[in-house]
Amino acid sequence: MTSPSAAFPVADAETAARTALYGPEFAADPYRVYEGLRAYGPVAPVEIAPGVGALLVTDHRAALDLLRDPETWSKDPRRWQETVPADAPVLPALGWRPDALANDGTAHRRYRRVVTDSFALVPPHELREHTRQVAEQLIARFAGNGRADLVAEYASRLPVLLLNRLLGAPEEQSDRLAAAFSGMLAAATAEESVAAKALFFGYVDELIALGGLRGGPDLTSRFVDHPARLTHEELQAQIVLTVTMGHTATANLIGNALARMLSDDRYYGSLSGGGLTARDALHDVLHNDPPLANLSPHFARHDTDLHGTPVRAGQLVLVSYAAANTQRGRTRPGESGGAGGSGGGAHLAWAAGPHACPVQNPALLVATTAIERLTAWLSDIELTVPHPELAWRQGPFHRALVELPARFSPITPAEAGVPRPLG
Ligand code: HEM
(Lines give C-alpha, C1' and ligand atoms only; values in the text may rest on other atoms or scores of the structure.)
Protein backbone atom coordinates (compact mmCIF):
# COMPACT_ATOMS: atom_id res chain seq x y z
CA MET A 1 0.00 0.00 0.00
CA THR A 2 1.21 3.52 -0.67
CA SER A 3 1.03 6.21 1.98
CA PRO A 4 -1.94 8.60 2.06
CA SER A 5 -1.55 11.66 -0.12
CA ALA A 6 -2.55 15.03 1.32
CA ALA A 7 -3.19 16.27 -2.22
CA PHE A 8 -6.52 14.46 -2.52
CA PRO A 9 -9.79 14.76 -0.58
CA VAL A 10 -10.37 11.66 1.55
CA ALA A 11 -12.57 9.12 -0.24
CA ASP A 12 -14.68 8.03 2.70
CA ALA A 13 -17.69 6.14 1.33
CA GLU A 14 -19.81 7.02 4.35
CA THR A 15 -19.09 10.69 4.90
CA ALA A 16 -17.81 12.24 1.67
CA ALA A 17 -20.10 13.48 -1.08
CA ARG A 18 -20.78 10.38 -3.14
CA THR A 19 -21.07 10.43 -6.91
CA ALA A 20 -24.00 8.42 -8.27
CA LEU A 21 -23.15 5.58 -10.65
CA TYR A 22 -26.79 5.11 -11.56
CA GLY A 23 -29.37 7.27 -13.29
CA PRO A 24 -29.50 8.87 -16.74
CA GLU A 25 -26.60 11.30 -16.26
CA PHE A 26 -24.08 8.56 -15.49
CA ALA A 27 -25.40 6.34 -18.31
CA ALA A 28 -25.13 9.20 -20.82
CA ASP A 29 -21.45 9.94 -20.14
CA PRO A 30 -19.75 7.71 -17.55
CA TYR A 31 -16.28 8.72 -18.74
CA ARG A 32 -16.90 12.34 -17.72
CA VAL A 33 -17.92 11.05 -14.29
CA TYR A 34 -14.74 8.92 -14.03
CA GLU A 35 -12.64 11.98 -14.91
CA GLY A 36 -14.32 13.91 -12.08
CA LEU A 37 -13.67 11.04 -9.65
CA ARG A 38 -9.93 11.20 -10.34
CA ALA A 39 -9.85 14.34 -8.17
CA TYR A 40 -10.01 11.93 -5.21
CA GLY A 41 -6.88 10.09 -6.34
CA PRO A 42 -6.87 6.34 -7.07
CA VAL A 43 -10.01 5.57 -5.03
CA ALA A 44 -13.26 7.60 -4.94
CA PRO A 45 -16.51 7.54 -2.93
CA VAL A 46 -19.52 6.58 -5.04
CA GLU A 47 -23.13 5.54 -4.62
CA ILE A 48 -24.25 2.46 -6.56
CA ALA A 49 -27.94 2.70 -5.61
CA PRO A 50 -29.82 5.23 -3.51
CA GLY A 51 -28.25 5.04 -0.04
CA VAL A 52 -25.73 2.33 -0.94
CA GLY A 53 -22.16 3.64 -0.86
CA ALA A 54 -18.97 2.05 -2.14
CA LEU A 55 -15.39 2.97 -2.94
CA LEU A 56 -14.45 2.86 -6.61
CA VAL A 57 -10.88 2.20 -7.78
CA THR A 58 -10.17 4.29 -10.87
CA ASP A 59 -6.40 3.77 -11.05
CA HIS A 60 -4.81 0.86 -12.92
CA ARG A 61 -2.02 0.15 -10.42
CA ALA A 62 -4.34 0.35 -7.40
CA ALA A 63 -6.81 -1.95 -9.19
CA LEU A 64 -4.12 -4.58 -9.78
CA ASP A 65 -2.90 -4.32 -6.19
CA LEU A 66 -6.44 -4.97 -4.96
CA LEU A 67 -7.26 -7.76 -7.41
CA ARG A 68 -4.05 -9.65 -6.65
CA ASP A 69 -4.21 -9.42 -2.85
CA PRO A 70 -6.73 -11.98 -1.52
CA GLU A 71 -5.04 -11.79 1.90
CA THR A 72 -6.40 -8.27 2.41
CA TRP A 73 -9.51 -8.39 0.22
CA SER A 74 -12.32 -10.94 0.39
CA LYS A 75 -14.97 -11.61 -2.24
CA ASP A 76 -17.47 -12.80 0.38
CA PRO A 77 -20.20 -10.15 0.75
CA ARG A 78 -22.07 -11.64 3.73
CA ARG A 79 -20.88 -9.19 6.36
CA TRP A 80 -21.47 -6.19 4.08
CA GLN A 81 -24.86 -7.33 2.93
CA GLU A 82 -26.22 -7.19 6.48
CA THR A 83 -25.66 -3.42 6.34
CA VAL A 84 -27.65 -2.92 3.13
CA PRO A 85 -31.48 -2.64 2.87
CA ALA A 86 -32.92 -6.03 1.88
CA ASP A 87 -34.63 -4.48 -1.15
CA ALA A 88 -31.51 -2.68 -2.48
CA PRO A 89 -31.57 -3.18 -6.25
CA VAL A 90 -27.85 -4.10 -6.30
CA LEU A 91 -28.28 -7.11 -4.00
CA PRO A 92 -29.19 -9.62 -6.74
CA ALA A 93 -25.84 -8.77 -8.39
CA LEU A 94 -23.70 -8.43 -5.25
CA GLY A 95 -25.37 -10.69 -2.65
CA TRP A 96 -23.79 -13.96 -1.51
CA ARG A 97 -24.34 -17.21 -3.44
CA PRO A 98 -22.43 -20.47 -3.33
CA ASP A 99 -20.59 -19.64 -6.57
CA ALA A 100 -17.09 -18.81 -7.81
CA LEU A 101 -17.62 -15.07 -7.75
CA ALA A 102 -18.72 -14.65 -4.11
CA ASN A 103 -16.30 -16.99 -2.33
CA ASP A 104 -12.63 -17.18 -1.39
CA GLY A 105 -9.91 -19.79 -1.06
CA THR A 106 -10.77 -23.49 -1.26
CA ALA A 107 -14.48 -22.93 -1.90
CA HIS A 108 -13.66 -20.51 -4.72
CA ARG A 109 -11.17 -22.88 -6.34
CA ARG A 110 -13.64 -25.77 -6.16
CA TYR A 111 -16.41 -23.79 -7.87
CA ARG A 112 -14.09 -22.24 -10.44
CA ARG A 113 -12.63 -25.63 -11.42
CA VAL A 114 -16.10 -26.88 -12.31
CA VAL A 115 -16.49 -24.01 -14.79
CA THR A 116 -12.96 -24.08 -16.23
CA ASP A 117 -12.75 -27.90 -16.52
CA SER A 118 -16.13 -28.04 -18.25
CA PHE A 119 -15.38 -25.25 -20.74
CA ALA A 120 -11.97 -26.80 -21.44
CA LEU A 121 -13.81 -29.81 -22.89
CA VAL A 122 -15.55 -27.70 -25.55
CA PRO A 123 -13.20 -27.75 -28.57
CA PRO A 124 -12.80 -24.29 -30.19
CA HIS A 125 -13.90 -25.58 -33.62
CA GLU A 126 -17.16 -26.85 -32.10
CA LEU A 127 -17.74 -23.58 -30.28
CA ARG A 128 -17.13 -21.69 -33.52
CA GLU A 129 -19.53 -23.95 -35.42
CA HIS A 130 -22.29 -23.61 -32.81
CA THR A 131 -21.82 -19.83 -32.88
CA ARG A 132 -21.92 -19.78 -36.68
CA GLN A 133 -25.16 -21.75 -36.75
CA VAL A 134 -26.84 -19.59 -34.12
CA ALA A 135 -25.58 -16.40 -35.82
CA GLU A 136 -26.95 -17.43 -39.20
CA GLN A 137 -30.25 -18.53 -37.70
CA LEU A 138 -30.65 -15.04 -36.22
CA ILE A 139 -29.44 -13.15 -39.29
CA ALA A 140 -31.91 -15.09 -41.47
CA ARG A 141 -34.75 -13.70 -39.32
CA PHE A 142 -34.04 -10.05 -40.17
CA ALA A 143 -31.85 -10.13 -43.30
CA GLY A 144 -34.82 -9.58 -45.63
CA ASN A 145 -36.04 -6.49 -43.76
CA GLY A 146 -33.19 -4.15 -44.66
CA ARG A 147 -33.10 -2.88 -41.08
CA ALA A 148 -32.64 -4.30 -37.59
CA ASP A 149 -31.93 -3.41 -34.01
CA LEU A 150 -28.60 -5.20 -33.78
CA VAL A 151 -28.79 -5.31 -29.98
CA ALA A 152 -32.30 -6.78 -29.54
CA GLU A 153 -32.21 -8.96 -32.65
CA TYR A 154 -28.59 -10.06 -32.61
CA ALA A 155 -26.03 -9.11 -29.93
CA SER A 156 -28.19 -9.87 -26.92
CA ARG A 157 -30.02 -12.78 -28.56
CA LEU A 158 -27.00 -14.75 -29.74
CA PRO A 159 -25.40 -15.55 -26.35
CA VAL A 160 -28.72 -16.84 -24.93
CA LEU A 161 -29.27 -19.19 -27.86
CA LEU A 162 -25.67 -20.34 -27.75
CA LEU A 163 -25.60 -20.93 -23.97
CA ASN A 164 -28.88 -22.83 -24.23
CA ARG A 165 -27.20 -25.16 -26.74
CA LEU A 166 -23.95 -25.50 -24.78
CA LEU A 167 -25.90 -26.33 -21.63
CA GLY A 168 -27.68 -29.11 -23.52
CA ALA A 169 -31.22 -27.71 -23.35
CA PRO A 170 -33.65 -28.43 -26.18
CA GLU A 171 -33.69 -25.61 -28.78
CA GLU A 172 -37.29 -24.63 -27.91
CA GLN A 173 -36.18 -23.84 -24.34
CA SER A 174 -34.08 -20.93 -25.57
CA ASP A 175 -37.16 -18.70 -25.78
CA ARG A 176 -37.86 -19.43 -22.13
CA LEU A 177 -34.32 -18.49 -21.18
CA ALA A 178 -34.50 -15.33 -23.28
CA ALA A 179 -37.87 -14.40 -21.74
CA ALA A 180 -36.50 -14.90 -18.22
CA PHE A 181 -33.54 -12.66 -19.04
CA SER A 182 -35.50 -9.85 -20.60
CA GLY A 183 -37.98 -10.18 -17.72
CA MET A 184 -35.19 -9.73 -15.18
CA LEU A 185 -33.81 -6.73 -17.07
CA ALA A 186 -37.18 -5.08 -17.63
CA ALA A 187 -38.77 -5.88 -14.24
CA ALA A 188 -40.27 -2.64 -12.93
CA THR A 189 -41.78 -4.06 -9.73
CA ALA A 190 -40.65 -6.53 -7.06
CA GLU A 191 -43.41 -8.95 -8.21
CA GLU A 192 -42.18 -8.87 -11.83
CA SER A 193 -38.62 -9.43 -10.66
CA VAL A 194 -39.68 -12.42 -8.50
CA ALA A 195 -41.66 -13.90 -11.42
CA ALA A 196 -38.71 -13.53 -13.85
CA LYS A 197 -36.34 -15.10 -11.32
CA ALA A 198 -38.74 -18.01 -10.78
CA LEU A 199 -38.81 -18.57 -14.56
CA PHE A 200 -35.02 -18.55 -14.69
CA PHE A 201 -34.53 -20.92 -11.75
CA GLY A 202 -37.24 -23.23 -13.15
CA TYR A 203 -35.23 -23.43 -16.37
CA VAL A 204 -32.00 -24.10 -14.46
CA ASP A 205 -33.61 -26.85 -12.34
CA GLU A 206 -34.90 -28.62 -15.44
CA LEU A 207 -31.44 -28.43 -16.97
CA ILE A 208 -29.91 -30.02 -13.88
CA ALA A 209 -32.50 -32.80 -13.92
CA LEU A 210 -31.74 -33.47 -17.61
CA GLY A 211 -27.97 -33.26 -17.11
CA GLY A 212 -28.18 -35.67 -14.19
CA LEU A 213 -29.87 -38.27 -16.35
CA ARG A 214 -27.89 -37.83 -19.50
CA GLY A 215 -24.19 -37.86 -18.63
CA GLY A 216 -23.60 -36.25 -22.05
CA PRO A 217 -21.04 -33.86 -23.51
CA ASP A 218 -23.01 -30.71 -22.66
CA LEU A 219 -21.89 -28.25 -19.98
CA THR A 220 -24.71 -29.12 -17.57
CA SER A 221 -23.80 -32.82 -17.61
CA ARG A 222 -20.16 -31.89 -17.04
CA PHE A 223 -21.10 -29.68 -14.11
CA VAL A 224 -23.24 -32.49 -12.66
CA ASP A 225 -20.58 -35.18 -13.23
CA HIS A 226 -17.62 -33.07 -12.08
CA PRO A 227 -15.49 -34.70 -9.33
CA ALA A 228 -16.19 -31.60 -7.15
CA ARG A 229 -19.63 -33.23 -6.59
CA LEU A 230 -21.57 -29.99 -6.24
CA THR A 231 -24.81 -30.04 -4.26
CA HIS A 232 -28.02 -29.05 -6.06
CA GLU A 233 -27.79 -25.51 -4.71
CA GLU A 234 -24.16 -25.23 -5.79
CA LEU A 235 -24.99 -26.57 -9.25
CA GLN A 236 -27.77 -24.02 -9.59
CA ALA A 237 -25.42 -21.23 -8.56
CA GLN A 238 -22.65 -22.24 -10.99
CA ILE A 239 -25.13 -22.51 -13.89
CA VAL A 240 -26.75 -19.19 -13.00
CA LEU A 241 -23.30 -17.55 -12.85
CA THR A 242 -22.26 -19.07 -16.17
CA VAL A 243 -25.45 -18.00 -17.89
CA THR A 244 -25.65 -14.50 -16.41
CA MET A 245 -21.96 -13.66 -16.98
CA GLY A 246 -21.92 -15.46 -20.32
CA HIS A 247 -25.05 -13.75 -21.54
CA THR A 248 -24.70 -10.18 -20.34
CA ALA A 249 -20.99 -9.60 -20.79
CA THR A 250 -20.86 -11.30 -24.19
CA ALA A 251 -23.95 -9.44 -25.42
CA ASN A 252 -22.39 -6.13 -24.36
CA LEU A 253 -19.08 -7.06 -25.96
CA ILE A 254 -20.67 -7.87 -29.32
CA GLY A 255 -22.99 -4.83 -29.22
CA ASN A 256 -20.29 -2.34 -28.23
CA ALA A 257 -17.84 -3.73 -30.81
CA LEU A 258 -20.45 -3.57 -33.59
CA ALA A 259 -21.27 0.01 -32.61
CA ARG A 260 -17.60 1.00 -32.90
CA MET A 261 -17.04 -0.94 -36.10
CA LEU A 262 -20.05 0.54 -37.84
CA SER A 263 -18.96 4.07 -36.89
CA ASP A 264 -15.47 3.80 -38.29
CA ASP A 265 -14.60 3.72 -41.99
CA ARG A 266 -11.36 1.87 -41.32
CA TYR A 267 -13.41 -1.28 -40.72
CA TYR A 268 -15.17 -1.12 -44.08
CA GLY A 269 -11.73 -1.46 -45.61
CA SER A 270 -11.35 -4.78 -43.82
CA LEU A 271 -14.27 -6.25 -45.73
CA SER A 272 -12.26 -5.90 -48.91
CA GLY A 273 -9.01 -6.74 -47.17
CA GLY A 274 -6.30 -4.72 -45.46
CA GLY A 275 -8.29 -2.70 -42.93
CA LEU A 276 -9.13 -3.27 -39.29
CA THR A 277 -10.83 -6.54 -38.33
CA ALA A 278 -13.49 -7.77 -35.89
CA ARG A 279 -10.66 -8.68 -33.51
CA ASP A 280 -9.44 -5.06 -33.62
CA ALA A 281 -12.94 -3.82 -32.78
CA LEU A 282 -13.15 -6.24 -29.85
CA HIS A 283 -9.78 -5.17 -28.46
CA ASP A 284 -10.77 -1.54 -28.95
CA VAL A 285 -13.92 -2.14 -26.89
CA LEU A 286 -12.11 -4.13 -24.20
CA HIS A 287 -9.95 -1.02 -23.68
CA ASN A 288 -12.32 1.82 -24.34
CA ASP A 289 -15.83 0.54 -23.58
CA PRO A 290 -15.38 -2.59 -21.43
CA PRO A 291 -18.66 -4.59 -21.39
CA LEU A 292 -18.57 -4.79 -17.60
CA ALA A 293 -17.60 -1.27 -16.58
CA ASN A 294 -17.39 -1.50 -12.78
CA LEU A 295 -17.37 -4.78 -10.88
CA SER A 296 -14.96 -7.04 -8.93
CA PRO A 297 -16.68 -6.33 -5.61
CA HIS A 298 -14.18 -6.82 -2.77
CA PHE A 299 -14.57 -6.41 0.98
CA ALA A 300 -11.74 -5.41 3.31
CA ARG A 301 -10.95 -8.28 5.71
CA HIS A 302 -9.76 -5.72 8.29
CA ASP A 303 -9.28 -1.95 8.51
CA THR A 304 -6.69 -1.06 5.90
CA ASP A 305 -5.84 1.53 3.27
CA LEU A 306 -5.71 1.31 -0.48
CA HIS A 307 -3.22 3.64 -2.11
CA GLY A 308 -3.83 6.22 0.59
CA THR A 309 -7.56 5.79 1.10
CA PRO A 310 -8.66 4.36 4.47
CA VAL A 311 -10.99 1.38 4.11
CA ARG A 312 -12.93 -0.09 7.03
CA ALA A 313 -13.34 -3.83 7.59
CA GLY A 314 -16.26 -5.15 5.55
CA GLN A 315 -16.48 -2.05 3.36
CA LEU A 316 -17.37 -2.56 -0.33
CA VAL A 317 -14.73 -1.63 -2.91
CA LEU A 318 -15.44 -1.94 -6.64
CA VAL A 319 -12.97 -1.78 -9.50
CA SER A 320 -13.72 0.50 -12.42
CA TYR A 321 -12.20 -1.40 -15.34
CA ALA A 322 -13.50 1.41 -17.55
CA ALA A 323 -11.79 4.20 -15.58
CA ALA A 324 -8.55 2.25 -15.03
CA ASN A 325 -8.30 1.35 -18.73
CA THR A 326 -8.76 4.93 -19.85
CA GLN A 327 -6.56 6.56 -17.25
CA ARG A 328 -4.14 7.74 -19.92
CA GLY A 329 -6.79 8.67 -22.44
CA ARG A 330 -9.71 7.11 -24.21
CA THR A 331 -9.99 6.42 -27.90
CA ARG A 332 -13.43 7.33 -29.22
CA PRO A 333 -14.95 5.53 -32.20
CA GLY A 334 -13.22 6.54 -35.39
CA GLU A 335 -10.05 7.80 -33.67
CA SER A 336 -6.68 6.12 -34.00
CA GLY A 337 -5.67 4.14 -30.92
CA GLY A 338 -3.59 6.08 -28.40
CA ALA A 339 -2.54 5.00 -24.92
CA GLY A 340 -5.97 3.54 -24.27
CA GLY A 341 -6.64 2.63 -27.89
CA SER A 342 -6.80 -0.54 -29.88
CA GLY A 343 -3.06 -0.64 -30.31
CA GLY A 344 -2.52 -3.03 -27.38
CA GLY A 345 -1.34 -2.60 -23.79
CA ALA A 346 -2.86 -4.10 -20.68
CA HIS A 347 -6.55 -3.66 -19.93
CA LEU A 348 -8.69 -4.92 -17.07
CA ALA A 349 -11.85 -5.82 -18.98
CA TRP A 350 -11.54 -9.44 -17.77
CA ALA A 351 -10.45 -8.28 -14.27
CA ALA A 352 -7.19 -9.84 -12.96
CA GLY A 353 -5.97 -12.09 -10.15
CA PRO A 354 -7.70 -15.24 -8.89
CA HIS A 355 -11.20 -14.14 -9.98
CA ALA A 356 -10.29 -12.97 -13.50
CA CYS A 357 -12.74 -14.23 -16.11
CA PRO A 358 -11.94 -17.90 -16.67
CA VAL A 359 -13.58 -18.00 -20.11
CA GLN A 360 -11.73 -15.25 -21.95
CA ASN A 361 -10.67 -17.17 -25.05
CA PRO A 362 -14.02 -18.88 -25.62
CA ALA A 363 -15.84 -15.56 -25.11
CA LEU A 364 -13.56 -13.82 -27.64
CA LEU A 365 -14.04 -16.65 -30.13
CA VAL A 366 -17.82 -16.34 -29.83
CA ALA A 367 -17.78 -12.55 -30.22
CA THR A 368 -15.37 -12.66 -33.18
CA THR A 369 -17.42 -15.31 -34.97
CA ALA A 370 -20.67 -13.43 -34.30
CA ILE A 371 -19.30 -10.21 -35.81
CA GLU A 372 -17.63 -11.94 -38.74
CA ARG A 373 -20.82 -13.81 -39.70
CA LEU A 374 -22.93 -10.65 -39.55
CA THR A 375 -20.55 -8.60 -41.68
CA ALA A 376 -20.06 -11.48 -44.13
CA TRP A 377 -23.81 -11.73 -44.71
CA LEU A 378 -24.58 -8.03 -44.74
CA SER A 379 -21.62 -6.16 -46.11
CA ASP A 380 -23.11 -2.64 -46.19
CA ILE A 381 -24.55 -2.19 -42.69
CA GLU A 382 -24.92 1.43 -41.57
CA LEU A 383 -26.03 2.76 -38.21
CA THR A 384 -29.18 4.87 -38.44
CA VAL A 385 -28.25 6.71 -35.23
CA PRO A 386 -24.72 8.19 -35.05
CA HIS A 387 -22.52 6.71 -32.31
CA PRO A 388 -22.50 9.83 -30.08
CA GLU A 389 -26.32 9.74 -29.97
CA LEU A 390 -26.69 6.07 -29.03
CA ALA A 391 -28.47 5.47 -25.70
CA TRP A 392 -26.83 3.37 -22.96
CA ARG A 393 -28.52 1.32 -20.25
CA GLN A 394 -28.59 2.76 -16.76
CA GLY A 395 -26.86 1.07 -13.83
CA PRO A 396 -23.44 0.95 -12.21
CA PHE A 397 -22.08 -2.32 -13.56
CA HIS A 398 -22.62 -2.60 -17.31
CA ARG A 399 -21.69 -0.68 -20.41
CA ALA A 400 -24.59 -1.78 -22.56
CA LEU A 401 -26.43 -0.19 -25.44
CA VAL A 402 -30.20 0.19 -25.23
CA GLU A 403 -30.43 -0.46 -28.98
CA LEU A 404 -28.31 -0.37 -32.12
CA PRO A 405 -30.55 0.57 -35.04
CA ALA A 406 -29.01 -0.22 -38.43
CA ARG A 407 -29.93 -0.53 -42.10
CA PHE A 408 -28.46 -2.60 -44.94
CA SER A 409 -29.38 -3.94 -48.37
CA PRO A 410 -31.94 -6.66 -47.74
CA ILE A 411 -31.06 -10.18 -48.73
CA THR A 412 -33.78 -11.79 -50.85
CA PRO A 413 -35.31 -15.09 -49.70
CA ALA A 414 -33.29 -16.87 -52.41
CA GLU A 415 -30.08 -15.65 -50.83
CA ALA A 416 -31.10 -16.53 -47.27
CA GLY A 417 -28.74 -19.08 -45.81
CA VAL A 418 -26.01 -18.16 -48.31
CA PRO A 419 -23.60 -15.68 -46.77
CA ARG A 420 -22.28 -13.01 -49.11
CA PRO A 421 -18.70 -13.50 -50.09
CA LEU A 422 -16.23 -11.20 -48.35
CA GLY A 423 -15.05 -8.23 -50.38
C1 HEM B 1 -19.30 -17.40 -22.29
C2 HEM B 1 -18.99 -16.24 -21.75
C3 HEM B 1 -18.53 -16.04 -20.32
C4 HEM B 1 -18.62 -16.87 -19.24
C5 HEM B 1 -19.24 -18.28 -19.17
C6 HEM B 1 -18.00 -16.18 -18.12
C7 HEM B 1 -17.88 -16.72 -16.85
C8 HEM B 1 -17.29 -16.09 -15.77
C9 HEM B 1 -17.17 -16.65 -14.44
C10 HEM B 1 -17.64 -18.05 -14.03
C11 HEM B 1 -16.55 -15.73 -13.65
C12 HEM B 1 -16.23 -15.86 -12.16
C13 HEM B 1 -14.77 -16.25 -12.00
C14 HEM B 1 -14.30 -16.30 -10.57
O15 HEM B 1 -14.86 -15.63 -9.68
O16 HEM B 1 -13.32 -17.02 -10.31
C17 HEM B 1 -16.28 -14.58 -14.50
C18 HEM B 1 -15.68 -13.44 -14.07
C19 HEM B 1 -15.52 -12.34 -14.85
N20 HEM B 1 -15.82 -12.21 -16.20
FE21 HEM B 1 -16.54 -13.62 -17.40
N22 HEM B 1 -17.57 -14.96 -18.54
C23 HEM B 1 -17.89 -14.83 -19.86
C24 HEM B 1 -17.65 -13.74 -20.67
C25 HEM B 1 -17.11 -12.56 -20.23
C26 HEM B 1 -16.95 -11.38 -21.03
C27 HEM B 1 -17.34 -11.23 -22.50
C28 HEM B 1 -16.39 -10.43 -20.22
C29 HEM B 1 -16.02 -9.02 -20.56
C30 HEM B 1 -15.08 -8.73 -21.40
C31 HEM B 1 -16.20 -11.02 -18.92
C32 HEM B 1 -15.63 -10.38 -17.84
C33 HEM B 1 -15.51 -10.94 -16.58
C34 HEM B 1 -15.01 -10.19 -15.44
C35 HEM B 1 -14.58 -8.72 -15.42
C36 HEM B 1 -15.02 -11.07 -14.34
C37 HEM B 1 -14.66 -10.76 -12.89
C38 HEM B 1 -15.92 -10.31 -12.20
C39 HEM B 1 -15.78 -10.04 -10.71
O40 HEM B 1 -14.86 -10.53 -10.06
O41 HEM B 1 -16.68 -9.34 -10.19
N42 HEM B 1 -16.64 -12.31 -18.96
N43 HEM B 1 -16.75 -14.83 -15.78
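Brief remarks on what is shown
- Residues whose amide H lies under 5 Å from that of A49, counting only those 5 or more places away or on a different chain, are absent; hydrogens are built 1.01 Å from N in the peptide plane.
- Accessible surface of region 19-415, 1.4 Å probe, proportion on carbon and sulfur as whole %: 54 percent
- Here the 3J(HN,Hα) profile of region 151-165, calculated from phi with Karplus coefficients 6.51, -1.76 and 1.60 at θ = phi - 60°, is 7, 5, 9, 9, 4, 8, 8, 4, x, 5, 4, 5, 4, 4, 5 Hz, Gly and Pro shown as x.
- Anisotropy class of region 193-337 from Cα gyration tensor, a/c 1.5 cut: oblate
- With each label modelled as a point 7 angstrom along the Cα→C-beta vector, the A39-S182 pair spans 4.2 nm.
- In sequence order, calculated HN-Hα J values of region 275-286 (Karplus, 6.51, -1.76, 1.60; Hz; x Gly/Pro): x, 6, 10, 4, 4, 4, 5, 5, 5, 4, 5, 4
- Expressed to the nearest 5 percent, the antiparallel share of DSSP beta bridges inside the chain is 80 percent.
- Span from the region 142-172 Cα centroid across to the region 22-82 one, whole angstrom: 33 Å
- Charges were assigned to the Cβ only: +1 to each Lys and Arg, -1 to each Asp and Glu. The resulting dipole of the chain about its Cα centre is roughly 620 debye.
- Dipole orientation for region 186-233: of the candidates V194, F223, A209, F223 has the Cα lying most toward the positive pole (charges on Cβ; Lys, Arg +1; Asp, Glu -1).
- Electrostatic tally near H355: other residues with Cβ closer than 13 Å to its Cβ, Lys and Arg +1, Asp and Glu -1, net 0.
- Estimated translational D of the chain in µm²/s (Stokes, Kirkwood radius over Cα pairs; 20 °C; 1.002 mPa s): 96 µm²/s
- Legend: P(r) of region 216-298 from all alpha carbon pair distances, 10 Å bins from 0, whole percents, reading 16, 31, 23, 21, 9, 1.
- 5 angstrom amide H check on W392, placed H, neighbours 5+ away: V402
- Rule-of-thumb Rg ratio for region 58-133 [Cα; 2.2 N^0.38 Å; N residues]: 1.49
- Percent RCO, i.e. relative contact order, over region 19-415, from Cα pairs under 8 Å lying at least 6 residues apart: 25 percent
- Cβ-Cβ FRET estimate between L91 and N145, R0 fixed at 45 Å, reported to 0.05: 0.65
The values are calculated or read from the model by the stated rules, or taken from the named source; none is laboratory data. Nothing here was measured: the structure is a model prediction, and the numbers come from that model. Glycine gets a Cβ as well: all are built from the backbone with ideal geometry, and neighbour counts include every protein chain shown. Only protein heavy atoms, including side chains, enter the accessible area calculation; ligands, DNA and RNA are left aside. Shrake-Rupley method; radii C 1.70, N 1.55, O 1.52, S 1.80 Å.
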